[in-house]
Amino acid sequence: KATVSVLNCTYPLWCAAATCGMAARGAAYALEPLREGFGAVATGVSLATVELSEAFVAQLKADMARHRLLLFRGQGEVSGARQVELSAALGEVESTFYKHPRSPHPDVFRVSNDEEEGCTFVGRTGWHVDGTFQPSPFLYQTMHFHAVCEGGDTWFVPLREVYERQSEATKARWDRYWLLTGRGVAHPLVYKHPVTGATTMLFHCGTSFCKAVGEDGGAGTDLTFHAPDALQRELTAACEAALPEVGVKLAWEAGDFAINDNVANAHYAAPGTQNPRASAGLRILHRTTIAGEVVPTKGDGRKSIFKRGY
């Protein structure tokens, strides 16, 4: 069988028609699996020039719902304006980040391993979902690499599988947890994906992003809060254990353009993303974020809440 390499791991490249649904006749691109059951590589399209028609956008959304991570390789340097235009076709572009002077557009977050070129140490605080501080986390994010450095990989794990790998006792305990952010929003750790309805999770393992963990005794009961450290360590270990089994260590290439289902996956910037430019080369990532449209909701109907005064 042919193979596709992700960092130093090689996975079977199964028949795309059977596993990934090779693009139907007339579709804008074809798909091959990034790894079995998670992610896909799209070929045969230029994101800089393709018409953002209703059919094309519908195909993107359907493929995101199925594969959760799409990677378009060999895209050259897509302009900031075009990246924002494509992002806006997926939903409302929501920009909550620092505007670096070198950013090509107000809605493009420019990330680098050189502070003169972009914001540094982004994504290094721990495994996370972006936008946990908001009432609704970001639905999608686009990630476009204009330059890559040695070791500058991003790691992704699918959260449904992270949850399903746990014991029944652990899943029951996680189902009772809520994460309180510094802005007073308490999100359920385990809830239903707003598009697919699949089980997913919402957390940030960075120490500054989670103020406390709340535990409930079931619907209608008050939350009892305690320090988040132990749960953050547990979630970190769960993601690290899942990574070689169900996740990907994505070794970026210049010109890569990825769309990530932010509420289906957790991700983490590998230590090498901050390797010195002089020895590892320059890393430049242009990122956009697309707003979430649904407040995280558990299977029993309970939603994220505001908790004041904790």
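For the stretch 141-177, which positions are open to solvent by 10 Å² or more (accessible area, probe 1.4 Å), assigned to a strand (DSSP E or B) and either out of contact with any Lys or Arg (no Cβ under 8 Å at 6 or more places or on another chain) or β-branched (Val, Ile, Thr) (or both)?
His146, Tyr177 - these are the residues of the stretch 141-177 that are open to solvent by 10 Å² or more (accessible area, probe 1.4 Å), assigned to a strand (DSSP E or B) and either out of contact with any Lys or Arg (no Cβ under 8 Å at 6 or more places or on another chain) or β-branched (Val, Ile, Thr) (or both).
I need a count of the residues in the stretch 268-294 that are open to solvent by less than 50 Å² (accessible area, probe 1.4 Å), part of a loop (DSSP other than H, G, I, E, B) and aliphatic (A, V, I, L, M).
3
Ser87 versus (1) over 16 Å from Val41 (Cα atoms); (2) surrounded by fewer than 20 Cβ atoms within 10 Å (Cβ to Cβ); (3) touching a strand residue (DSSP E or B) at 6+ places or on another chain (Cβ under 7 Å): which is the lone unmet condition?
Unmet condition: (2).
Quick check, is Gly255 open to solvent by less than 10 Å² (accessible area, probe 1.4 Å), on the phi > 0 side of the Ramachandran plot and not aliphatic (A, V, I, L, M)?
So Gly255 fits the description; yes.
Run Pro101 past the list (1) out of contact with any strand residue (DSSP E or B) (no Cβ under 7 Å at 6 or more places or on another chain); (2) open to solvent by less than 20 Å² (accessible area, probe 1.4 Å) and report the number of the one that doesn't hold.
(2)
Among the residues of the stretch 237-252 satisfying the criterion of being not in a helix (DSSP H, G or I) and not aliphatic (A, V, I, L, M), which is least open to solvent (accessible area, probe 1.4 Å)?
Per the criteria, the residue is Gly247.
Take the residues in the stretch 178-206 that are of a type in the set (S, T, N, Q) and assigned to a loop (DSSP other than H, G, I, E, B); name whichever of them is farthest from Lys307 (Cα to Cα).
The selected residue is Thr196.
When you check Leu71 against the structure, is it within 19 Å of Leu250 (Cβ to Cβ), within 15 Å of the chain's Cα centre (by Cα), of a type in the set (A, V, I, L, M) and open to solvent by less than 20 Å² (accessible area, probe 1.4 Å), yes or no?
Answer is yes for this residue.
Do the conditions hold for Glu85, that is, is it over 25 Å from Val248 (Cα atoms) and in a helix (DSSP H, G or I)?
yes
Among the candidates Val57, Val122, Val50, single out the residue that is closer than 24 Å to Leu250 by Cα and either open to solvent by 40 Å² or more (accessible area, probe 1.4 Å) or in contact (Cβ under 8 Å) with a residue 12 or more places away in the chain (or both).
Val122
Can you tell me how many residues within the stretch 55-82 are farther than 23 Å from Glu32 by Cα and in a helix (DSSP H, G or I)?
Summing the residues that are farther than 23 Å from Glu32 by Cα and in a helix (DSSP H, G or I) in the stretch 55-82 gives 3.
Check the stretch 15-30 and report whether any residue there is touching a strand residue (DSSP E or B) at 6+ places or on another chain (Cβ under 6 Å), on the phi < 0 side of the Ramachandran plot, modelled with pLDDT of 50 or more and open to solvent by less than 50 Å² (accessible area, probe 1.4 Å).
Yes: one or more hits.
The values are calculated or read from the model by the stated rules, or taken from the named source; none is laboratory data. Remember, it's a predicted structure, so these values are computed and weren't measured experimentally. Positions of Cβ are generated from backbone atoms using ideal geometry, with glycine treated the same way; all protein chains shown enter the neighbour counts. Heavy atoms of the whole protein, side chains included, go into the accessibility calculation; ligands, DNA and RNA do not. Shrake-Rupley method; radii C 1.70, N 1.55, O 1.52, S 1.80 Å.
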